[in-house]
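Everything below concerns the one structure shown next.
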Amino acid sequence: MDVAAWQRRLEDAFSTGDVVGARLFEVIDLEKECGRYFVNTFHGQSVLMHAFQDFYIETLLASEAWVADNGWPQGEYYSVVVLTYLTAFRSFRACENLLLCGYPLDGFALLRDVKDRALHMCGIARNVTTWSAINSIEKRERKAAERKTLSLLLGDDSKMPAQDAEAIKQWEDVFHQEVHGSKLTLVTEISRLMEGKQLSVGPLPDEKQLGMYMNRAVETGWLYTRLLPYLQPTSAAFGADWAARQQVLDESFRASEQALADMGKPIASAFIRFVDREYDFGGDFHYVEADGSGGDG
């Protein structure tokens, strides 16, 4: 069967009138409605995340402009560190697009990897490991670098109090449940049917799902906000105005997370202490090529 015949057979089998896949129209309409619902219902979240993404773009462009004016900084890895930040931004955008199309828990599952990359980048920025080790094509070297970083940030070698360690473990486990088997999504759909609601093939707004995504997106965004100054090739390279906006964004993320803590959420309280302890890089934070010696002592 040639390609044209194969295509005609599909069109004949799955067309309604002149449209292939007409049943998708209802699903697409529901996806658009979910996006409208989110924007209209959670305006504050939209403002915060749009500000974060705009500042992230500004930072990437500032890095590009600095290199154009001054050349590449010393060291061989600055360029790939920039690209690491760029790919993290695109993944974050993919999460947000899934959210706005009515699939917040699919965005949540993808967010787990974006969050993990923020932990790995923290290890590089703290000189616990190196970019080459974290991104090694040799699985043993890569896994060793990841374990070393996570142990120092979250595990046995961290300075985390026991109650915070338990809360952060729950934080990690929530991601795990959705990544492996979409269990959170499945539980939501089971609950809908048990409540006697009609099956919907397309997505429907669900505030529990939205809340789960929003809380973790705020936390992940805060980690990257703390990490963005590492893209400065030299001290204060992006200027005082940039630094002032970074501080505004940082304080806004803290306020959002504190609101959860004030509601009695242990994960939020533990996360604030975690950020203050592990993502406090000091006022002169800028790119210095890591050699991994910072985790040796």
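Yes/no per residue for (1) modelled with pLDDT of 95 or more; (2) part of a loop (DSSP other than H, G, I, E, B); (3) closer than 30 Å to Ile28 by Cα; (4) out of contact with any helix residue (DSSP H, G or I) (no Cβ under 9 Å at 6 or more places or on another chain):
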site: Tyr56; (1), (2), (3), (4): yes, no, yes, no
site: Ala62; (1), (2), (3), (4): yes, no, no, no
site: Leu99; (1), (2), (3), (4): yes, no, yes, no
site: Leu119; (1), (2), (3), (4): yes, no, no, no
site: Lys148; (1), (2), (3), (4): no, no, no, no
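So the check is Cβ under 6 Å with 6+ separation or different chains; which pairs have a first residue in the stretch 34-59 that's farther than 29 Å from Asp241 by Cβ and a second one that's surrounded by fewer than 17 Cβ atoms within 10 Å (Cβ to Cβ) and of a type outside the set (Phe, Trp, Tyr)? Note: pairs meeting the criteria are Cys34/Pro205; Tyr37/Pro205.
Residues checked against (1) of a type in the set (Ser, Thr, Tyr); (2) touching a helix residue (DSSP H, G or I) at 6+ places or on another chain (Cβ under 8 Å); (3) touching a residue at least 40 places away in the same chain (Cβ under 8 Å):
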position	(1), (2), (3)
Thr185	yes, yes, yes
Ser191	yes, no, no
Gly202	no, yes, yes
Val218	no, yes, yes
Tyr224	yes, yes, yes
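The condition (being exposed (fewer than 12 other Cβ atoms within 10 Å of the Cβ) and under 30 Å from Ala118 (Cβ atoms)) is satisfied by just one residue among Arg90, Arg9: Arg90.
If I filter the stretch 187-201 down to residues being loosely packed, with under 13 Cβ neighbours inside 10 Å and among the hydroxyl-bearing types (Ser, Thr, Tyr), which single residue comes out as farthest from Ile267 (Cα to Cα)? The selected residue is Ser200.
Among residues that are in contact with a Pro (Cβ under 8 Å, 6 or more places away or on another chain) and either over 24 Å from Gly283 (Cβ atoms) or not aliphatic (A, V, I, L, M) (or both), Leu210 is included. When Leu184, Leu111, Leu204, Leu153 are screened for being surrounded by fewer than 18 Cβ atoms within 10 Å (Cβ to Cβ) and hydrophobic (A, V, I, L, M, F, W, C), only Leu204 passes.
The values are calculated or read from the model by the stated rules, or taken from the named source; none is laboratory data. Keep in mind the model is a prediction, meaning the values are calculated, not measured. Glycine gets a Cβ as well: all are built from the backbone with ideal geometry, and neighbour counts include every protein chain shown.
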